[in-house]
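Contents: one structure, followed by commentary.
Coordinate-derived values only; no laboratory data. Not measured: the values here are computed from a predicted model. Note that each Cβ is placed from the backbone with ideal geometry, even for glycine, and that neighbours are counted across all protein chains shown.
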Amino acid sequence: MILYSIIPTETVFANMEQVEKQELEEITNGHATMLVERTGPYEGRIVRLISPDPQDYLKPHYAPGQKVQFRPEWLV
Amino acid sequence: MSKQPYNQFLNKPPFASTALNNNKGPAPQSSPPEEQEPAVAPPEAPAQEDPKKKLLDSITQLGQTNVPQLESNIYCMTIIGQVEGHIQLPPQNKTTKYEHLIPQLVAAEQNNKIEGVLVILNTVGGDVEAGLAIAEMVSSMSKPVVTLVLGGGHSIGVPIAVAGSYSFIAETATMTIHPIRLTGLVIGVPQTFEYLDKMQDRVVSFIARHSNISEEKFRELMTRTGELTRDIGTNVIGVDAVKYGLIDEVGGLGKALKKLNELIEKARSGEERVLQ
């Protein structure tokens, strides 16, 4: 990867170990898969959205950074 | 599955007071445990029911809960901070993830309601591949795209800024043009040099193809000395960017939206002519 930026590389990549610490979980809602960072029991923050439907990417509630609540189906 | 667990579920708090469980099942948890005056308890229940009932009614009538809203025919996309590529950057960076922007552009291209895209840039650069991917996507859209550089559109922000149908730069906004650098271990010097040169060519030729600046002029700006303290290159501000032919016009949000609407009108009339 080549970084073409005015920010020095050492500044960009400082605290890289925090990225490695981040634990992501994969949850599925219909056809959309989300990588979620857990923030509490049955809730998390969306880190990445993977969906075959491009319109999903226009939905504000699917945007990265949004909070999601999820619970396994068997709990209901 | 028997009906029993389902009924029990209905009696739990969120559904306890709805009309669904009026006949059987245990008493709702909210009601007092004494069963001496069951006839008096109902009066408070209807008040709780109301908003839910309204919601249910709107679902059955419209098939959805939200009321129709005024929808914009312009899709606004902002590219801020670092353009994040194949490596996830640490949390102190503000990043724009390219894997999110690309499907957004696909959706904007595909969606009939969207007639134009406004790209707002305030970026410090980032991954070459990711930046070029966004720039190529923007430039290959059939719908009009207007780009607006606010604050800064540095490094890999430059090809994205010139990729649209028309570009604007705020008077105070700046674009830093500098060579691509390589950090880390170099194994074969001639090969690495060649590779880096090719990478640079990709960026430079894209910019030359999509703006009015010539490749020679851009390379001259890129290798100029005495302007940046830590690097060679040039800091191009507002009017200068237009003077060099990199950006089409100096302007802000108002001008950018006006231009986009003009381009949309043009595209519409073009379509009509084709239909006739």
Taking the DSSP beta bridges in the range B:137-276 as the whole, what percent of them are antiparallel, to the nearest 5?
35 percent
Using a basic spin-label model with each label point 7 Å from the Cα along Cα→Cβ, how many nm lie between A:Gln55 and B:Gln92?
4.3 nm
Tell me, what ³J(HN,Hα) does each residue in the range B:131-142 have, in order and in whole Hz, if you take phi through Karplus 6.51 cos²θ - 1.76 cosθ + 1.60 with θ = phi - 60° and put x for Gly and Pro?
x, 5, 4, 5, 4, 5, 4, 4, 6, 9, 6, 8
Give me the aspartates and glutamates in straight-line cross-link reach of B:Lys53: C-alpha distance below 20 Å, same-chain residues under 8 apart excluded.
B:Glu44
Just want the answer: with Cβ charges of +1 for Lys and Arg and -1 for Asp and Glu, which residue in B:Leu101, B:Ala267, B:Gly125 is farthest toward the dipole's positive end in the range B:74-268?
B:Ala267
Over chain A, what relative contact order in percent results from Cα pairs under 8 Å that are six or more residues apart?
20 percent
Per residue of the range B:161-178, in order, report the coupling 6.51 cos²θ - 1.76 cosθ + 1.60 (Karplus, θ = phi - 60°) as ³J(HN,Hα) in whole Hz, putting x for Gly and Pro.
5, 8, 6, x, 5, 8, 10, 10, 9, 5, 4, 8, 6, 9, 10, 9, 10, 8
Spacing of the two label points (7 Å from each Cα toward its C-beta) at A:Phe70 and B:Ser72, in nm:
3.0 nm
Can you give me the long-range amide H partners of B:Val250? Hydrogens built in the peptide plane at 1.01 Å from N, cutoff under 5 Å, separation of 5 or more residues or another chain.
B:Ile169
What is the range B:155-229's relative contact order, in percent, from Cα pairs under 8 angstrom and six or more apart in sequence?
37 percent
Other-chain or far-sequence residues with amide H under 5 Å of B:Gly152's (modelled H):
B:Thr123, B:Thr174
Once the piece of chain linking B:Thr172 and B:Ala267 is laid out straight, how much longer is it, given 0.36 nm per residue of separation minus the C-alpha distance between them?
31.1 nm
To make sure I understand, if each residue's beta carbon is the centre and we count other beta carbons within 10 Å, what order do B:Glu71, B:Glu262, B:Glu171 fall in, fewest to most?
B:Glu71, B:Glu171, B:Glu262
Taking placed amide H atoms and a strict 5 Å upper bound, the residues 5 or more places from B:Val119 or on another chain that come that close are B:Met77, B:Val146, B:Thr147, B:Leu148
Using each residue's phi in the range A:14-21, evaluate 6.51 cos²θ - 1.76 cosθ + 1.60 at θ = phi - 60° and report the 3J(HN,Hα) Karplus result to the nearest Hz, with x for Gly and Pro.
5, 6, 4, 5, 5, 5, 5, 6
Decide, for the range B:105-188, between rounded, prolate and oblate: order the square roots of the alpha carbon gyration tensor eigenvalues as a ≥ b ≥ c, take rounded if a/c falls under 1.5, and otherwise choose prolate if a/b is larger than b/c, else oblate.
oblate
